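The values are calculated or read from the model by the stated rules, or taken from the named source; none is laboratory data. None of these values were measured; they are calculated from a predicted model. Cβ sites come from the backbone with ideal geometry, for glycine too, and all protein chains shown count toward neighbours.
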Amino acid sequence: MEPKAPNDGSRPMFVSKRVVGAHDSLEQVIVTDNPITANRPLPIPVRDAHAVERPRTPTGKSSIHWDDGVNPVVLPRAFKTPRGYMSPYVDQNGSPIQRSLRRSFYEYARRFISEPWGFTMGWNFVFAWLIIFPFELSCIVSQIRFWNDTVSPAVIIAPILAGLIVASFGGSRFYGEIEHGLGIAKVSALTIFIGMAIAIMAGAVPSDARHGTGVKFWTTRDVIANGFPGFMTLFRIAGMSYGGTELLGMTAAECNNPRRALPLATKITFFRIALFYVLTLLFLGFVVDSQDPGLAKIGHGAQVSPFTLAAQRAGIKVLPDLFNVFVVLALLSMANASIYASSRALQALCEQGMGPRFAATIKWGVPIYAFALAFTIGLTAFVNVASGGAVIFDWLLSLSGACNYYTWLSICASHIRFRRAWHTQGHSLDELLWTSPFGVWGSWIGIAICSTGLLASIVTSIYPLYGIHSAQGAGHVPH
């Protein structure tokens, strides 16, 4: 059975009306294009190169728990680095069942797990990215205050919101161009930092009174400064930090050649995360002491990024300001991505009947009502003006991390179910153009990792960091 092409000549869309069981024919889930938006798709394609820009970069938020020690910061992220590589949505080839709906990777959960699960996963994904948008804005406020700690948060947030509104109306291609440029800036910054860290460790920085840090911060401090609660706290927070790799499915679906873009982007993402995330945090542990008093301002958006602090402690001029600029750019990148993800995901949910129909409307190449909702939620960033607003966002950070773990657990489960259905129908893996390198076992490992992340929220409620059973304790603000 061949898919029916939309009237406007864009790529075919496939909508599942029922859950696929192991013994159901894969062809049974193929139906015609969705009448809600079949004639009004998001029209501007993303260049294939843009699909590889999505992996997140450690920024100022990495300093939230740096006083927990080096290993608790690095290990949770190292454990989760293979997660996105183990189960890249579903294996790719040209058969209709394997072509993702536009921007709707959670449709696989509806097809291969259950309708309620897919519904929950979709709204969970939207909720996570709606939270991230105001959180990123509030973190930008903290970083800009590095230069002027008296400026009002409202003065910073308002022009940034206005700029993001303008950028969002550029559509998918403009989003891709912005992310492409910001991605180059982030990679450049991390490359500079790694080079600087090596010089600091070797004592090659004349202005550094420490005359080389070597590996002493790894050998003279506790392996895990705050013990089990510290490790689990960071495992929970890392769920938010790793949010974004699933956007590959949304971005690649709007590429000119998604068959080529998605496998390429998945492979590059794995190595970029390993190199520019885990390796960067490793070097941070070599050059920044976990007990440095500059890290005392812990909690929502530490005012001094550990990247900036590393350059300050080495006495290197200009670099602290330069790194802070890069941190702000990285935060802007995630704010931009959160608008893109939340609005597209909400529009896709609504066009499939899982939300109000009006939110599926597309005007000027933008899901206009979904976009408006995302920006309305972004206005909550102004809560930073109020006393105690930072604690609220620390709770939102925790919720976002849990949402990301649930999303990836669902992706892994969908992959396992797909493989089972594929095998039951008598198909061979040789028929697939590209497969997950770790196969089904990789998805099981991914489920174990994500389950640990979800469990971390419960564990840290019972055994909170610093023993503070309160909102401020959950926000990890030491006194």
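The sole residue among Ala374, Ala348 that is at pLDDT below 85, on the phi < 0 side of the Ramachandran plot and touching a Lys or Arg at 6+ places or on another chain (Cβ under 7 Å) is Ala348.
Would you mind stating whether Ile165 is touching a Phe, Trp or Tyr at 6+ places or on another chain (Cβ under 8 Å), closer than 30 Å to Ala402 by Cβ and assigned to a helix (DSSP H, G or I)? When the stated conditions are applied, Ile165 passes them.
Starting from residues that are part of a loop (DSSP other than H, G, I, E, B) and either at pLDDT 70 or above or out of contact with any Ser or Thr (no Cβ under 6 Å at 6 or more places or on another chain) (or both), keep the ones in the range 247-264 and report whichever is farthest from Ile178 (Cα to Cα).
Within the range 247-264, the match that is farthest from Ile178 (Cα to Cα) is Asn257.
Tell me which residues, restricted to the range 442-467, are within 19 Å of Arg417 (Cα to Cα) and without any contact (Cβ under 8 Å) to a residue 40 or more places away in the chain. Steps first, answer last, please.
Taking the range 442-467 first, the residues within 19 Å of Arg417 (Cα to Cα) are 442-451.
Those that are within 19 Å of Arg417 (Cα to Cα) and without any contact (Cβ under 8 Å) to a residue 40 or more places away in the chain: Trp444, Ile447, Ala448.
Filter the range 207-229 down to the residues that are crowded, with 16+ Cβ neighbours inside 10 Å and either at positive phi or modelled with pLDDT under 75 (or both) and list them by number. Passing the criteria: Arg221, Ile224, Ala225, Asn226.
Restricting Val187, Val151 to those that are over 20 Å from the mean Cα position of the chain (by Cα) and farther than 24 Å from Tyr406 by Cα reduces the list to Val151.
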